[in-house]
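See below for the structure under consideration.
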Amino acid sequence: MKQPIFTGSGTAIVTPFTNDSVDYPALGRLLDFQLEGGADAIIVCGTTGEAVTMSYVERMRAIETVVRHVDGRVPVIAGTGSNSTENAITLSKDAVLAGVDGLLVVTPFYNKATQRGLIRHYTAVADAVTRPVILYHVPSRTGVRCTAETYAALAKHPNIAGVKEAGGDLALVQKTRELCPEDFYIWSGNDDETAPIMLFGGKGVISVAANVMPREMHELTAACLRGDFTAAGRMQLKLRKLCEALFWEVNPIPVKTALAMMGYCQEVFRSPMCEMEPENRERLRGVLAEYGLL
């Protein structure tokens, strides 16, 4: 039986930038904040990490830096997806060589693969590596939707661990749980759906909000894992306003803005991402103040 790469709250960590490179000292500070706050895993070079705007060399160096800094304290999972199967394989192989514990592979964007194409793509990536692969389903960004039947086909592969489900479709989560074996694990990809997805058997969340509140996201998932959904529901509701604020504009604009306000990194984005609208920025500052983060 396959084991989950992690349970609990995995932080989809922001990549801090200077004007011309990755800000590695700031990345170290962010990692320390996460580890001290109880993060259960670190996900590097995902959507929140602006990986698609990073060069290949930058991505690999960032992955290597995170692996070295974390030093085995929690699992490190690298985002290695691409709309080219060949590129996804190369990224995944090199991330494994860098020492990651798992891979997060987004559905191929722009190409809009069929379900048969998705199965071939993921099978090729999983065949090529020696670390478990988490599928990443986020149709709002990729224009591609997976079906529960596709998950069931991919669940047979020994290197495919499960899915980060960010489709906002709880009916799909339930059908996936019905059709797939117990060792095809589900992680929420939306902070505001963490408790509901874990109620249906999910193992945790790959979280944006954990960047700013790692302890609270860890405690929310811990309550779910011990079956205390009354407490988890209260925690989920307490975090509602923050989770909403972090998506007032496209991720990771609000969360990186928040971290800059908290003093952890510079407010530098890779184009076409840009600074938050002034009105939303001030609203966000007010929400952070309400949560005692400033």
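Given contacts defined as C-alpha pairs under 8 Å and at least six residues apart, what's the relative contact order of segment 1-133, whole-number percent?
Numbers: 199 pairs, mean separation 29.0, N = 133.
Normalised by residue count, the contact order of segment 1-133 is 22 percent.
In debye to the nearest 20, how big a dipole does the chain give about its Cα centre with +1 on each Lys and Arg Cβ and -1 on each Asp and Glu Cβ?
On the way: 29 positive and 33 negative charges, 115 e Å.
So the dipole magnitude of the chain works out to roughly 560 debye.
If you count the DSSP beta bridges with both ends in the chain, what percent of them are antiparallel, to the nearest 5? Could you put the intermediate results ahead of the total?
Working: 1 of 29 bridges.
Given both bridge residues lie in the chain, the antiparallel proportion sits at roughly 5 percent.
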On a C-alpha basis, how far is the centre of segment 96-160 from the centre of segment 202-259 in Å? Whole number, if you could?
25
Write down the Å³ per residue value for the convex hull defined by the alpha carbon atoms of segment 137-183.
71
Hey, if you put +1 on the Cβ of every Lys and Arg and -1 on every Asp and Glu Cβ in segment 130-232, which of 153, 223, 189 ends up farthest toward the positive end of that dipole?
153
Checked segment 51-113 with the C-alpha gyration tensor, a ≥ b ≥ c its square-rooted eigenvalues, rounded below a/c of 1.5, otherwise prolate if a/b is larger than b/c and oblate if not; verdict prolate
Could you tally the net charge around residue 266, taking each other residue with its Cβ under 14 Å from the Cβ of residue 266, Lys/Arg +1 and Asp/Glu -1?
-2
Both in Å, the radius of gyration and Dmax of the C-alpha trace of the chain are 17.7, 51
Say a paramagnetic label sat at a point 7 Å from the Cα of residue 152, along Cα to Cβ; which residues of segment 172-209 have their backbone N under 11 Å from it?
175-181
Farthest toward the dipole's positive end in segment 1-146, which of 48, 138, 65, given Cβ charges of +1 (Lys, Arg) and -1 (Asp, Glu) about the Cα centre?
138
Please report the net charge: other residues with Cβ closer than 13 Å to the Cβ of residue 251, K and R +1, D and E -1.
-3
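Please label the shape of segment 1-123 as rounded, prolate or oblate, based on the square roots a ≥ b ≥ c of the eigenvalues of the alpha-carbon gyration tensor (a/c under 1.5 means rounded; beyond that, a/b larger than b/c means prolate, else oblate).
Numbers: a/c = 2.04, a/b = 1.36, b/c = 1.50.
Here segment 1-123 falls in the oblate category.
Run lengths n ≥ 4 of DSSP H only: what is the helix-derived mean residue ellipticity at 222 nm for the chain, with -39500 (n - 2.57) per run over all residues, to the nearest 500?
On the way: 13 runs with 132 residues, N = 294.
Rounded to the nearest 500, the figure is -13000 deg cm²/dmol.
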Report Rg/Rh for segment 1-46, rounded to two decimals, where Rg is the Cα radius of gyration and Rh the Kirkwood radius.
1.09
Binned at 10 Å from zero, the C-alpha pair distances of segment 95-204 give percents of 15, 50, 32, 3
Count the net charge of all other residues whose Cβ sits under 12 Å from the Cβ of residue 287, scoring Lys and Arg as +1 and Asp and Glu as -1.
+2
Number of Lys pairs in the chain with C-alpha atoms less than 16 angstrom apart, excluding same-chain neighbours closer than eight positions?
4
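For segment 164-294, what percent of Cα pairs sit more than 23 Å apart? Don't skip to the end; give the middle numbers.
On the way: 3157 of 8515 pairs.
It works out to 37 percent of all Cα pairs.
Each reported figure results from applying straightforward, stated rules to the coordinates on display, with no laboratory input. Please read these numbers as outputs of a predicted model, since none were measured by experiment. All Cβ positions, even for glycine, are placed from backbone atoms using ideal geometry, and neighbour counts span all protein chains on display.
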